[in-house]
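**Student:** Here it is: the structure, laid out below.
The values are calculated or read from the model by the stated rules, or taken from the named source; none is laboratory data. Nothing here was measured: the structure is a model prediction, and the numbers come from that model. A quick note on method: Cβ atoms are made from the backbone with ideal geometry, for glycine too, and the neighbour counts reach across all protein chains shown.
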Amino acid sequence: MPGYDDIGEKIKIRFPEALLYEQPTRDEFPTFWISKDYIVPVLGFLKNEAGLQFKFLYDLTAIDEQARTNRQGQPESRFTIVYHLLSFSGNRFLRLKVGLTEEQPSIPTITTVWSSANWYEREVYDMFGVNFEGHPHLSRILMPRYWEGHPLQKQHPARATEMGQFKLPEAQMLEQQDILQFKPEEWGLSAHSKDNEDFMFLNLGPQHPGTHGILRLILQMDGESIVNIVPDIGFHHRGAEKMGERQSWHTYIPYTDRVEYLSGVLNNLPYVMAVEKMGGIDIPDRAKVIRIMLGELFRISSHLVWYGTFAQDLGMMTPVFLTFYDREKLFGIIEAICGDRMHPNWFRIGGVAQDLPEGWEELVRDFVKYLPPRLKEYDKMVMKNRIFKARTVGIGVYNTEEAIDWGVTGPGLRATGLEWDFRKKQPYSGYDQFEFEVPVAANGDCYDRAWIHVEEMRQSIRIIEQCLNNMPAGDYKSHHPLTTPADKKRTMYDIETLINHFVNVTWGPVIPANEGFCCVESSKGNNGYYLVSDGSTTSYRTRIRTPSFPHVQFVPHYSKGYTIADLMAILGSVDFVLSDIDR
Amino acid sequence: MNEIWVHILIIVCVLLGTVTIAAGLIYVERKMLAVWQQRLGPNRVGPFGILQVVADMIKIFFKEDWIPSFVDKKVFIIAPTIIMLSILMSFSIVPFAPGWVVADMNVGLLFFLAMSSLGAYTIILAGWASNNKYSLLGGVRGAAQMISYEVFMGLSLMGVVLQAGSFNLTEIVNAQKGMWFVIPQFVGFVIFLIAGVAETHRLPFDLPEAESELVAGYHSEYSGMKFGMFFVGEYLGITLVSSLITVLFFGGWLGPSFLPPIIWFLVKMFAFILFFILLRATLPRPRYDQLMSYGWKLLLPLALLNVLVTGAIVLSTN
């Protein structure tokens, strides 16, 4: 596309001193090192310049560079802040990096450019200890406030055994409990209204039937209507990114399953594809189609859970049992293929773990026939129900512009009228070979978000049908030496494969020093993995960009003025999973 | 002397009968919901899981009866008893069969309305005494809901009273010998049915305890037998509303003579109980303000219109 190939030139013309270095990367994203003093104006320029329009802050993260050996000519840096931008008009990504050389790093905030940067910067502060000058509320977000150290710094221990014996004397416990208490003044919330009436602060969660997990929302309420919301996340934080630096490239795959535990292999996919990009591995067609088929099955599975629980949030008892029944059927197929149900851990670097079992066609064909009539039944029961409509139409409305400003992807973005599905726009794993439509709504309310989910299940069925009828023959694994584990059959005939097999299952594969990024359209939005290799058996930095994180950050913005009952409808329609927020 | 014994026998029968039915409904509801939800439901205790009721009751009785330290203790204890009392008192005016009535009052219907108003206190007091924000919200919702729906509940019954010319339930049943009141009073029936669901605060009108919003609303802090009273009270409420619908609109014990009157009564009553359970399985919950505006803006004018038209017809035919 014209205008996007010379972004570096454009920056240079506008800000002659800003551009420090253009880094070549394996994922072939343009990657520019920008001087710290220019980062805010450069980002503003990229966002608003007519020919570029990088309207979307896709991700903001950091890398602790202190243990890096292969710098490959990158500018001097102790901490590197990484900005991923996405341009909808140009349909491409851009990566900006800022090197910070101080031991007490500090950089200007970009919350003035993007609202969604707020939580991302808090996360970088929490994990790396980078200060963001001018941030409206820079405090820890995932770790408890009394935590010492910053977990993603290299010197921070990764295992509990490295941290000495755990002790919690009573005095310390009381102190920690006191820190967890919500104090409205800290968040700039007033305890009284203008008419000097008291507001009620309602602590919704971390244990609450309506939040689908351990999410804590603190509601400032005037009667039953919501004045403000302060989300408190991090209860489900398991350090998935830190574990990426400890596990080998291969043994990290099962951890990805659990990042968004409803979508199973849809988490494996961006991870293995990112590794494959870095290793330069080509995947045989059969493996690609198997990946798509399993991915779509899991999309349906995740949406079925969403369907039932959303209806339950609105007080309907029955749909949840019916959709879970369907999901059980679906898990039957997953189990037959993968051997596990929710966390199949099935994709491998270079393909999938094994070939499809005998008789899989029957199972999938039965399901493809079984589901559509059921979906029709649910339409009658849920989507066409008058009370359901009264509860969802016109509730929780936002427009495309707000959605982009706050980092919304997936069904939540398409509900506002923007047709943006990464399977169509940036086809990966061979999605361009499939016929399906991208459902788009117009109003951006809870009902539209629900409608999109329902339509997506129908489209997924279509894709699965095409996989079923056109499954290519051939290998399910690549012959590339980095494929892990290498094809076992060939090891008996071929010394090279035997060596690769031995090395890759003992040490794990060694991925060349570089960086790679890959993202997919997951069930809840865009899920991406940004990996940095230092040329060893483990990742130097694993960044997981999950959709639920910005989605939940956005909730308070458009929930004000509604009641608690509406908030439940909004939370349900957002379709988040706590593990996906906290990682 | 003999008459007194008969009377006491009726009282004991009604008391035991209604409480047993209410407890049995726990099983019926769980089993029926399971059938409608593609599940098996209780099937472990006894044949077809029938003894589940016994197991549930034993569990409720033997659970620790815990009173949180922050509650208003006296009110906290009194609140659950009110619902049991007021509903059991209401049963005294229901004629199950000719002569099978505890108190054949000539203001029977008014007595029922008075008792159901008292029921509102349970929710308000339980919500207030629990000293919990969720309970309070549930209590406030419950109070508003019950008081509003009582208005149309009373008004919806006035058509029946006008046609029968009496507040006495036995006479109302006898007045339906020619035709059940559900036909001339169809509007009244529908309004009473809706108000009845709201009075028993069951799905879709379970806003005072809306699980996904308020955890368990006004009874969040209750456990053990105190919770059991709310639990059984709810089923007693369903039984009461179902039997009143039977009496007021479906000719009570009247029916072809191949079955005794009491069986006719029970058949009709259970049909409505099942309808209540089916409602719960099917419908989502409206929002609080939607429920209120639905009541005041639609049901109230309809109920008034019904009284007006019925009154005019009764006046002109006399």
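**Student:** Kindly state which strands (runs of 3 or more DSSP E) lie completely within the stretch A:10-98 and contain at least 3 residues that are closer than 17 Å to A:Ala513 by Cα and modelled with pLDDT under 85.
**Tutor:** Values: elements: A:19-23, A:31-34, A:56-64, A:79-87.
Of the strands (runs of 3 or more DSSP E) lying wholly inside the stretch A:10-98, none has at least 3 residues that are closer than 17 Å to A:Ala513 by Cα and modelled with pLDDT under 85.
**Student:** Note down all Cβ pairs under 9 Å where the first residue falls in the stretch A:320-336 and is away from chain B (no Cβ under 14 Å) and under 15 Å from A:Leu294 (Cβ atoms), the second is assigned to a helix (DSSP H, G or I) and of a type in the set (S, T, N, Q), and they're at least six residues apart or on different chains.
**Tutor:** Close Cβ pairs (under 9 Å, with a partner that is assigned to a helix (DSSP H, G or I) and of a type in the set (S, T, N, Q)) amount to A:Leu330/A:Ser301; A:Phe331/A:Ser301; A:Ile334/A:Ser301.
**Student:** Here is a further query. Evaluate the following for B:Ile4: is it within 25 Å of B:Thr200 (Cα to Cα), part of a helix (DSSP H, G or I) and either among the acidic types (Asp, Glu) or out of contact with any strand residue (DSSP E or B) (no Cβ under 7 Å at 6 or more places or on another chain) (or both)?
**Tutor:** Values: within 25 Å of B:Thr200 (Cα to Cα): no; part of a helix (DSSP H, G or I): yes; either among the acidic types (Asp, Glu) or out of contact with any strand residue (DSSP E or B) (no Cβ under 7 Å at 6 or more places or on another chain) (or both): yes.
In short, no.
**Student:** Residue check: is B:Ser316 of a type in the set (Gly, Ala, Ser), more than 14 Å from chain A (Cβ to nearest Cβ) and over 30 Å from B:Gly24 (Cβ atoms)?
**Tutor:** Yes; evaluated as a whole, the condition is true for this residue.
**Student:** Related question: So which pairs qualify, if the first residue must be in the stretch B:275-288 and at the interface with chain A (Cβ under 7 Å from one of its Cβ atoms) and surrounded by fewer than 22 Cβ atoms within 10 Å (Cβ to Cβ), the second must be part of a helix (DSSP H, G or I) and at pLDDT 85 or above, the Cβ gap must be under 6 Å, and the two must be at least 6 apart or on different chains?
**Tutor:** B:Ala281/A:Thr318; B:Ala281/B:Leu33; B:Ala281/B:Trp36
**Student:** Give me the pairs, please: first residue somewhere in the stretch A:415-431 and under 16 Å from A:Phe93 (Cβ atoms), second residue anywhere and surrounded by 16 or more Cβ atoms within 10 Å (Cβ to Cβ) and modelled with pLDDT under 85, beta-carbon distance under 8 Å, and either six or more positions apart or on two chains.
**Tutor:** none
**Student:** Would you list the helices (runs of 4 or more DSSP H) that sit entirely within the stretch A:366-434 and hold 1 or more residues that are more than 19 Å from A:Leu571 (Cβ to Cβ) and over 19 Å from the mean Cα position of the chain (by Cα)? Break it down stepwise before answering.
**Tutor:** Numbers: elements: A:386-392, A:400-405, A:411-414, A:422-425.
Result: A:386-392, A:400-405.
**Student:** If you take the residues of the stretch B:212-230 that are in a helix (DSSP H, G or I) and surrounded by fewer than 21 Cβ atoms within 10 Å (Cβ to Cβ), which of them is farthest from the other protein chains (Cβ to nearest Cβ)? Spell out the reasoning first.
**Tutor:** We begin by selecting, within the stretch B:212-230, every residue in a helix (DSSP H, G or I); these are B:212-214, B:217-219, B:224-230.
The next check asks that each one be surrounded by fewer than 21 Cβ atoms within 10 Å (Cβ to Cβ); those that pass are B:224-225, B:227, B:230.
Numbers: B:Gly224: 21, B:Met225: 24, B:Phe227: 17, B:Phe230: 18 Å.
Of everything passing the filter in the stretch B:212-230, B:Met225 is farthest from the other protein chains (Cβ to nearest Cβ).
**Student:** While we're here: Six or more apart or on different chains, Cβ atoms under 7 Å: show the pairs whose first residue is in the stretch A:145-174 and without any contact (Cβ under 8 Å) to a residue 24 or more places away in the chain and not assigned by TED's automatic domain parsing to the domain that holds A:Arg78 and whose second is outside any loop (DSSP other than H, G, I, E, B) and surrounded by 10 or more Cβ atoms within 10 Å (Cβ to Cβ).
**Tutor:** A:Pro157/A:Met163
**Student:** Here are B:Leu25, B:Leu33, B:Leu16: which of them is assigned to a helix (DSSP H, G or I) and over 30 Å from A:Pro319 (Cβ atoms)?
**Tutor:** On the way: B:Leu25 fails: over 30 Å from A:Pro319 (Cβ atoms); B:Leu33 fails: over 30 Å from A:Pro319 (Cβ atoms).
Matching residue, one of B:Leu25, B:Leu33, B:Leu16: B:Leu16.
**Student:** Of everything in the stretch B:200-211, what is surrounded by fewer than 24 Cβ atoms within 10 Å (Cβ to Cβ) and in a helix (DSSP H, G or I)? Give them in sequence order.
**Tutor:** Matches in the stretch B:200-211: B:Glu211 only.
**Student:** Tell me which residues, restricted to the stretch A:277-299, are more than 20 Å from A:Ala473 (Cβ to Cβ), at pLDDT 90 or above and either surrounded by fewer than 24 Cβ atoms within 10 Å (Cβ to Cβ) or not hydrophobic (A, V, I, L, M, F, W, C) (or both).
**Tutor:** A:Gly295, A:Glu296, A:Arg299, listed by residue number.
**Student:** Which number in (1) touching a residue at least 24 places away in the same chain (Cβ under 8 Å); (2) part of a loop (DSSP other than H, G, I, E, B); (3) surrounded by 16 or more Cβ atoms within 10 Å (Cβ to Cβ) marks the one condition that B:Pro98 misses?
**Tutor:** (3)
**Student:** Could you pull out the residue among A:Pro411, A:Pro372, A:Pro357, A:Pro344 that is free of Cβ contacts under 8 Å to residues at least 24 places away in the same chain, outside the structural domain of A:Lys55 (by TED's automatic domain parsing) and not hydroxyl-bearing (Ser, Thr, Tyr)? Even if it seems obvious, please write down each step before you answer.
**Tutor:** Details: A:Pro411 fails: free of Cβ contacts under 8 Å to residues at least 24 places away in the same chain; A:Pro372 fails: free of Cβ contacts under 8 Å to residues at least 24 places away in the same chain; A:Pro344 fails: free of Cβ contacts under 8 Å to residues at least 24 places away in the same chain.
Among A:Pro411, A:Pro372, A:Pro357, A:Pro344, only A:Pro357 is free of Cβ contacts under 8 Å to residues at least 24 places away in the same chain, outside the structural domain of A:Lys55 (by TED's automatic domain parsing) and not hydroxyl-bearing (Ser, Thr, Tyr).
**Student:** Do the conditions hold for A:Arg391, that is, is it away from every other protein chain (no Cβ under 14 Å) and basic (Lys, Arg)?
**Tutor:** Details: away from every other protein chain (no Cβ under 14 Å): no; basic (Lys, Arg): yes.
Against the criterion (away from every other protein chain (no Cβ under 14 Å) and basic (Lys, Arg)), A:Arg391 does not qualify.
**Student:** How many of the residues in the stretch A:10-39 are in contact with an Asp or Glu (Cβ under 8 Å, 6 or more places away or on another chain) and under 12 Å from A:Leu94 (Cα atoms)?
**Tutor:** 6
**Student:** Could you check A:Ser301 against (1) more than 14 Å from chain B (Cβ to nearest Cβ); (2) among the polar types (S, T, N, Q); (3) touching a Pro at 6+ places or on another chain (Cβ under 8 Å) and say which number it fails?
**Tutor:** (3) is the only condition that A:Ser301 fails.
**Student:** Separate question: For the stretch A:317-337, does any single residue satisfy the condition of being in a loop (DSSP other than H, G, I, E, B), assigned by TED's automatic domain parsing to the domain that holds A:Phe517 and over 21 Å from the mean Cα position of the chain (by Cα)? Quick ask: steps written out before the conclusion?
**Tutor:** If we filter the stretch A:317-337 for residues that are in a loop (DSSP other than H, G, I, E, B), which is where we start, we get A:317.
Then drop every residue that is not assigned by TED's automatic domain parsing to the domain that holds A:Phe517, which leaves A:317.
Those still in the list that are over 21 Å from the mean Cα position of the chain (by Cα) too: A:317.
Scanning the stretch A:317-337, I find at least one residue that is in a loop (DSSP other than H, G, I, E, B), assigned by TED's automatic domain parsing to the domain that holds A:Phe517 and over 21 Å from the mean Cα position of the chain (by Cα), so the answer is yes.
**Student:** Same structure again: Within the stretch B:62-85, is there a residue that is away from chain A (no Cβ under 14 Å), under 19 Å from B:Gly228 (Cβ atoms), in contact (Cβ under 8 Å) with a residue 24 or more places away in the chain and among the acidic types (Asp, Glu)?
**Tutor:** There is at least one residue in the stretch B:62-85 that is away from chain A (no Cβ under 14 Å), under 19 Å from B:Gly228 (Cβ atoms), in contact (Cβ under 8 Å) with a residue 24 or more places away in the chain and among the acidic types (Asp, Glu).
**Student:** Give B:Glu150, B:Glu171 a once-over and let me know the one that is of a type in the set (Asp, Glu) and either more than 20 Å from the chain's Cα centre (by Cα) or in a loop (DSSP other than H, G, I, E, B) (or both).
**Tutor:** After ruling out the rest, the residue left standing is B:Glu171.
**Student:** Pick from B:Leu207, B:Leu214, B:Leu203: which is at pLDDT below 80 and closer than 16 Å to B:Val241 by Cα?
**Tutor:** B:Leu203
**Student:** Residue by residue through the stretch A:55-75, note down the ones that are within 24 Å of the chain's Cα centre (by Cα) and in contact (Cβ under 8 Å) with a residue 60 or more places away in the chain. If you could, list the steps in order and put the result at the bottom.
**Tutor:** Kept after step one, since they are within 24 Å of the chain's Cα centre (by Cα), are these residues of the stretch A:55-75: A:55-65.
Answer for the stretch A:55-75, where residues must be within 24 Å of the chain's Cα centre (by Cα) and in contact (Cβ under 8 Å) with a residue 60 or more places away in the chain: A:Lys55, A:Phe56, A:Leu57, A:Tyr58, A:Asp59, A:Leu60, A:Thr61, A:Ala62, A:Ile63, A:Asp64.
**Student:** Another question about this same structure. Among the residues of the stretch A:346-382, which ones are on the phi > 0 side of the Ramachandran plot and crowded, with 20+ Cβ neighbours inside 10 Å? Give the steps one after another, and end with the answer.
**Tutor:** From the stretch A:346-382, those on the phi > 0 side of the Ramachandran plot are A:350-351, A:359; that's our starting set.
If the condition is that a residue be on the phi > 0 side of the Ramachandran plot and crowded, with 20+ Cβ neighbours inside 10 Å, then A:Gly350, A:Gly351 are the ones that fit.
**Student:** Test each condition in (1) touching a residue at least 40 places away in the same chain (Cβ under 8 Å); (2) more than 30 Å from A:Leu46 (Cα to Cα) for A:Ser115 and report the one that comes out false.
**Tutor:** Every condition holds for A:Ser115 apart from (2).
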